Amino acid sequence: MAEKKFLIALDAGGTMTDTFAVDNEGRFVLGKALTNAQDESRSYLESTEDAAGYWDMTSTELHRQARSSTYTGTSMLNALLTQRGSEVGLLVTRGFGLMPIVERGLTWIGQSYEDILHQQLHEHTPWLVKPQNIREIQERIGVGSYYMQHHTYPGTVFIPLLEDDVVKGVNELLDNGVEVIGILTLGSYVNPQHEIQAATIARDIITKRGMEVPVVASHEICPVPSENERLKTLLFQCYISEIGRKQLFKVETAAKEFGYDYELLTLLSYGAAANIRYPKLCEAIVSGPVGGLLGGQFISGYLESEGMICADLGGTTFDAGLIVKGLLPVNKSPDFAGHRLRLPMVNIDSIGAGTGTVIHVDESTKRVILGPESAGSKVGTCYEYPEITIGDIDLILGYLNEDYFLGGKAKLNREKALEMLTERLAKPLEQDIYEISSKVLDLLHSQMADHLNRMLLSKGLNPAEFPLLVFGGSGPLHAWGLERNIPVGQVVMLPWAAAFSAFGVASAEYFHRYDKAVTFFLTPDMTDDIRLMQGGMLSMTWQELEEKGYTELGAEGISRDDVTFRYGISCRYIGQMSEWEVPVEVGRANTTEELDSIIGAFEKYYTRIYPAGARYPEAGYQITEIYVEAVARKQKPVIPTYPLSDKEPPAEASKGQRQAYMDGQWQTFDIWEMDYLKAGNRIDGPAIIEHPMTTLVIPPQNYIDMDEHLFIRYKRK
């Protein structure tokens, strides 16, 4: 049997599918292919074949020696945005059948500030479940309250489930042709009895009718309060997960046909690697961009910086994220694609600004508008797209080499790009083609910089205190524009910037996260007996989540001995509207000492955010949720350290010179091949460094240093 010594990780974006393959000594290669949205298994194999070729291997040899393959795709996101999800049926507590339609009136999510002010522009998001596929069922379970010692115990059944409602509703939904059935009862987060009962009845009916229709209960996906957000998360799972899983299974089948021995992994929205059979697969809807932040978190240790701005520029979007104190920012109630969900998701701010962005010209106002359409993998008129794009401008200004796109695999047409830009951009605006093209790039760069500034300044952070890590296939190509427009501490890039999100996927931890709502109040006048009774319930819930982790990871081939746990709470002072998520050292609260340790963790975290005088322990504490992260051991990449060479690059790295237009004039740029540069080398601008997967532009005022890790330090002269 072949030795297992490689990690394979892929990030399949809307434009490119990037491969990052690393061996057990930290050596790595990159692969790239245009994404095949119809059959992602084809672009998966093409990209891994490209990577294997750099080691003089075939894709089969690489897969036979792979310990793991982690793949992040776009099929679920595409199904959501194109409204091609599954036909969903819903059983919901009587009286709440309009929840999927009303949506709490959150019609402003995702709109600009100007549009939010105009009510007539607000629209509901497209329905994830049609009104005719909603059936109400009679039941009610109590959820407890602040007055714990005087109130009915949480989870008490007030109205038993009326099984006839379930039987009738399920049969009607099946007759309507639904492909998946979701079940939500209001109090299931404290007592899932009625959801379990209804799901059992539904599955029995489906079996008797000889059908294959998945049944999903909300407590299996999202056992927390906030029934509107819980419902949206349930509907996401029903609407897109099976579509995404089918695409992932196709990728896994293709990998196994090429010699891969294990099950395919994917990346969840909060930064964890998980098996594609993971029950809550909707958590992987934005797996690709998360990889970039994971990579940034990994690299931050080498930069000796606890904070970092991560900027990912691709062909379709500009994604930005922020790492503070070495931690990923996780939002438990994210707004996503017009929906407010209830699942943990790394905070990533995106705008439609990439090198595939389409350029529009309003001839009456003489105004240039970028996007929102993107050419994606078709680049622009220089390749296969009918509209002019930023990519066309990069080509005619001399930044891109028409014979070296994707290492020469895709031939660009500079003459056609020049012709189309002249016809559709320069003539309508009556300006010089090169000057107006340069101004369009200025517009793109200012939009990107404004996006980063808003993200930082809204949090009260100073950009100058953070290094900026630029990556993505087009990141190094336009880093010079960002550096001119935002005063960051330093700019850093990497030779594998084009596949950096795939690198982040490879560096992800293998863990599952489990959240559960609890009803825990700790008031100053509460007796120790009641405190410990509630603490015992916390301990039981943590233990329940641990067993869930053991079970799910065990099903993925991981033994109990290889699983460790991390614990946390969401807590607030009683009366506050917002709670804060806090890691805790112990996952038990059976003694007063353990309770004090848990509350102490909240107090310590709270005083890191607010002055100590803002503490209000006299009000008491409310723990609203707890979580468990079940962590399994997993190989990660290693960043090698290289001996420093002379500042002068080796002669074989030089590729001559060419003219490029910058700052209002044509200038002679030195051309270099990135793979031949060594640690310690310095390249002075004007220069262009080419790589089969990306291009780095260095203006006359700048230079770059290659440090001992081959990190590219971008500096001013």
- Query: Residue check: is L444 closer than 30 Å to Y44 by Cβ, modelled with pLDDT of 90 or more and crowded, with 17+ Cβ neighbours inside 10 Å?
  - Reply: no
- Item | Counted residues, region 684-710 - those being open to solvent by 20 Å² or more (accessible area, probe 1.4 Å) and within 12 Å of D670 (Cβ to Cβ) | 4
- Please name all residue pairs, on different chains or six or more residues apart, with Cβ atoms under 9 Å, provided the first residue is in region 527-541 and is touching a residue at least 24 places away in the same chain (Cβ under 8 Å) and the second residue is assigned to a helix (DSSP H, G or I) and open to solvent by less than 40 Å² (accessible area, probe 1.4 Å). R531/L595; L532/L595; Q534/L595; G535/L595; G535/I598; L538/L595; L538/I598
- Task: Might you check whether a residue that is of a type in the set (D, E), open to solvent by 20 Å² or more (accessible area, probe 1.4 Å) and under 30 Å from N275 (Cβ atoms) occurs anywhere in region 574-597?
- Result: yes
- Note on the structure: Within region 351-364, the count of residues that are of a type in the set (V, I, T) and open to solvent by 30 Å² or more (accessible area, probe 1.4 Å) comes to 2
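Residue-wise test of (1) part of a helix (DSSP H, G or I); (2) within 25 Å of the chain's Cα centre (by Cα).
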site: L400; (1), (2): no, no
site: E415; (1), (2): yes, no
site: A426; (1), (2): yes, no
site: L443; (1), (2): yes, no
site: R484; (1), (2): yes, no
site: A498; (1), (2): yes, yes
- Take region 178-209 and flag every residue that is in contact (Cβ under 8 Å) with a residue 24 or more places away in the chain, open to solvent by less than 40 Å² (accessible area, probe 1.4 Å) and of a type outside the set (V, I, T). G182, L184, L186, G187, S188, Y189, N191, P192, H194, E195, A198, A202
- A careful count of residues in region 634-663 that are in a strand (DSSP E or B) and open to solvent by less than 20 Å² (accessible area, probe 1.4 Å) gives 3
- Return a yes/no flag: does region 345-368 have any residue that is among the basic types (K, R) and more than 27 Å from V492 (Cα to Cα). yes
- Message: For region 172-228, which positions are within 17 Å of V143 (Cα to Cα) and within 27 Å of the chain's Cα centre (by Cα)?
- Response: L184, Y189, S218, H219, C222, P223, V224, P225, S226, E227, N228
- Message: It is to be established whether one or more residues within region 613-630 are over 30 Å from P344 (Cα atoms) and open to solvent by 70 Å² or more (accessible area, probe 1.4 Å).
- Response: yes
- Item | Checklist (1) closer than 20 Å to A555 by Cβ; (2) touching a residue at least 60 places away in the same chain (Cβ under 8 Å) applied to R245, failing item | (2)
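Yes/no matrix, rows are residues, columns are (1) modelled with pLDDT under 90; (2) in a helix (DSSP H, G or I):
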site	(1), (2)
S68	yes, no
Y71	no, no
N78	yes, yes
Q83	yes, no
S86	no, no
V92	no, no
G97	no, no
R104	yes, yes
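Let's see how each residue does on (1) farther than 29 Å from I359 by Cβ; (2) free of Cβ contacts under 8 Å to residues at least 60 places away in the same chain:
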| site | (1), (2) |
| --- | --- |
| A449 | no, yes |
| P467 | yes, no |
| G473 | no, no |
| H478 | no, no |
| V488 | no, no |
| F500 | no, no |
| K516 | yes, no |
- Among the residues of region 291-298, is there at least one that is assigned to a loop (DSSP other than H, G, I, E, B) and either within 12 Å of the chain's Cα centre (by Cα) or in contact (Cβ under 8 Å) with a residue 12 or more places away in the chain (or both)? no
- Query: Are there any pairs, at least 6 apart or on different chains, whose C-beta atoms fall under 9 Å, with the first in region 359-372 and free of Cβ contacts under 8 Å to residues at least 12 places away in the same chain and the second assigned to a strand (DSSP E or B) and open to solvent by 70 Å² or more (accessible area, probe 1.4 Å), and if so, which?
  - Reply: H360/R367; H360/E373
- Identity of the residue in region 478-517, in contact with a helix residue (DSSP H, G or I) (Cβ under 6 Å, 6 or more places away or on another chain) and among the β-branched types (V, I, T), that ends up nearest to T266 (Cα to Cα): V505
- Note on the structure: Flagged in region 23-60 as in contact with a helix residue (DSSP H, G or I) (Cβ under 6 Å, 6 or more places away or on another chain) and open to solvent by less than 10 Å² (accessible area, probe 1.4 Å), in numbering order, are G31, A33, E40, Y44, T48, A52, S59
- Message: Given the options R367, R340, name the one that is open to solvent by 50 Å² or more (accessible area, probe 1.4 Å), over 20 Å from the mean Cα position of the chain (by Cα) and modelled with pLDDT of 85 or more.
- Response: R367
- Among the residues of region 403-440, write down those that are crowded, with 17+ Cβ neighbours inside 10 Å, within 23 Å of A497 (Cβ to Cβ) and free of Cβ contacts under 8 Å to residues at least 40 places away in the same chain. F405, L412
- Could you figure out which of (1) in contact with a Ser or Thr (Cβ under 6 Å, 6 or more places away or on another chain); (2) farther than 21 Å from K232 by Cβ; (3) at pLDDT 85 or above; (4) not hydrophobic (A, V, I, L, M, F, W, C) isn't true of G315? (3)
- Message: Tell me yes or no: at least one residue of region 217-235 is β-branched (V, I, T), open to solvent by 10 Å² or more (accessible area, probe 1.4 Å) and farther than 27 Å from Y44 by Cβ.
- Response: yes
- Task: Filter region 508-541 for residues that are assigned to a helix (DSSP H, G or I) and charged (D, E, K, R) and give the result.
- Result: D528, D529, R531
- Item | All positions within region 7-58 that are among the small types (G, A, S) and modelled with pLDDT of 85 or more | A9, A12, A21, G31, A33, S41, S43, S47, A51, A52, G53
- Task: Go through region 511-528 and give me each residue that's under 22 Å from the mean Cα position of the chain (by Cα) and open to solvent by less than 20 Å² (accessible area, probe 1.4 Å).
- Result: F511, H512, R513, Y514
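The values are calculated or read from the model by the stated rules, or taken from the named source; none is laboratory data. Because the structure is predicted, anything quoted here is derived from the model rather than measured. Reconstructed Cβ throughout: ideal geometry from the backbone, glycine too, with neighbour counts over all protein chains shown. The area values use the complete protein model at the heavy-atom level, side chains included, leaving out ligands, DNA and RNA. Shrake-Rupley method; radii C 1.70, N 1.55, O 1.52, S 1.80 Å.
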